[in-house]
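Worksheet for the structure shown next.
The values are calculated or read from the model by the stated rules, or taken from the named source; none is laboratory data. Keep in mind the model is a prediction, meaning the values are calculated, not measured. Because the Cβ atoms are built from the backbone with ideal geometry, glycine has one as well, and the counts that use them run over all protein chains shown. Surface areas here come from the heavy atoms of the whole protein model, side chains and all, with no ligands, DNA or RNA. Shrake-Rupley method; radii C 1.70, N 1.55, O 1.52, S 1.80 Å.
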Amino acid sequence: MTLNFDTDQPVVGLGRQRALIQAVLEASSADETRWLEWKSRLDVSKPEGAFAVSKAILGFANRMPDAAAQWAEGHAYLLVGVEEKVLHGVPTHDVEKVDSWLRRYIGEFDRYQFTYVPFGNGEGTRHVMLVDVFPPRWGDPIHTLRKNYDKYYPGAIFHRNAGKTEYAGPAEIEALTERARRVGQRLDVALDPADASVAVLKEFDAVRERLLHTLREKLRAQLARPADRTTQFSSLLGHRPDTRSPQEFLDEVEEYLCDVRVAVEQKLAHTLREVGAPLRLKVVNPGETFLAQVEVVLSLPDTVEAHLVDDDQEVDWPQPPAAFGALRTMQISGLISTVRPRAYVPATVCYPEIGCEDGRTIIRYPPVDLRPNETVRLDSVALLTAREEREAIACEWRATATNVSGRVQRIMSLPVQALEVDFRVPENADMD
């Protein structure tokens, strides 16, 4: 079975910690992965317990950064005191004592932390030890065992494979050597916004809201009209009464207005492509190092809206809900289901993610690979604000890559451009 846990974010906070423990209780032994391991019973005050925890820490620490980044932003976790369907708990100890017991085996490695998580499953509260091993970095040395235990001798190199921590083989040691060699390789990219600007459209927000308000009131007025009556010929003509409740109709109206808002923004983006200066970012690799999966994230004030500019010339105007209370025509052809096999399924196209986080407008571009001295143009985005801005707008951006360490973070100024846009909904949009 698949572990029932969201691995997109690190395990931060008591709620996420308990959710991870619950996921392990509902898991199978096959669910242990490159980022997660659990032990049923261990006491780190005993040599066997301290060694087992240390071995897991070293194995997690000896992962490759690009592979580790696939889960929990590179973090790895060891849970002690829990296994499939059984909550055992562990004795708790002072933090400084635990660190001294582990240091015998892991030396000065300190990129980890642990806590005891209280967890109850109906049979009393027990404590589970949760060890968080921080993400490995390019330039990190190979982490080795520092003290012998049983058949394991100082200098042993452990590596975390899928569901198992074991001795590193030649391929793993070569990869770890390459990881250590990259200590001097750090991310170096630049962004070129070309001649982009933020369009100042003082009336757009009011026009958009007035349009949505007018459509909403027009559609809601249908609730007051008497319903059409059926006749003896209705069934022959393929007519049937409207069976929707008023609330179901109102739900359809709101869904339709959401689609109208998207279409209006799409229409505006098309207009700004012609008369404005959308953001056509270029990401540049000025160095001689290949950069894998470079992700660029822009952060703007929440007063700035961002809308994707695609190559489609047509705006997908939605159809309004069927008139409330009106007889509905049964489509005979719709009763016959036609299934046609698709000869070709196109690959998934990735577009920038545009949203709001912590009071900022965030644009997250899909990662791209950059060869040495290569420039890649990212998808065009139209930027606009309803505020009367006169000064350039500061935009924060950051970039990361999966095969080199570091993060580039800069401030970019975008000029503003006051525009008078004659925004009209086309007559063929079918919005009446």
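With all protein chains in place and ligands, DNA and RNA left out, the 1.4 Å accessible area ranks 395, 356 as 356, 395, largest first. Restricting the range 118-189 to trypsin sites (Lys or Arg not before Pro) that sit in a DSSP loop and have at most 13 other Cβ atoms within 10 Å of their own Cβ leaves 151. Within the shell defined by Cβ-Cβ distances under 15 Å, the residues around residue 12 carry a net charge of -2, with Lys and Arg each +1 and Asp and Glu each -1. Solvent-accessible area assigned to carbon and sulfur over the range 127-269 amounts to 52 percent, based on a 1.4 Å probe.
Any idea of the accessible area per residue across the chain, 1.4 Å probe, to the nearest Å²?
Details: 23930 Å² over 432 residues.
The answer is 55 Å² per residue.
With a Förster radius of 22 Å applied to the beta-carbon distance between residue 216 and residue 316, the computed FRET efficiency rounds to 0.65. Placing a pseudo-label 7 Å from each Cα along the Cα-to-Cβ vector at residue 225 and residue 358 gives an inter-label distance of 5.1 nm. Backbone amide hydrogens, once placed in the peptide plane, bring residue 62 within less than 5 Å of 160, excluding anything fewer than 5 places away on its chain. A simple charge model with +1 on the Cβ of Lys and Arg, -1 on the Cβ of Asp and Glu and nothing else charged puts the dipole of the chain at about 1300 debye relative to its Cα centre. The figure for residue 411 is an accessible area of roughly 120 square angstrom, using a 1.4 Å probe on the protein chains alone.
Rolling a 1.4 Å probe over the protein chains gives residue 351 an accessible area of about 120 Å².
Per-residue extension of 0.36 nm, minus the Cα-Cα distance of residue 108 and residue 371, leaves a gain of 91.0 nm for this segment.
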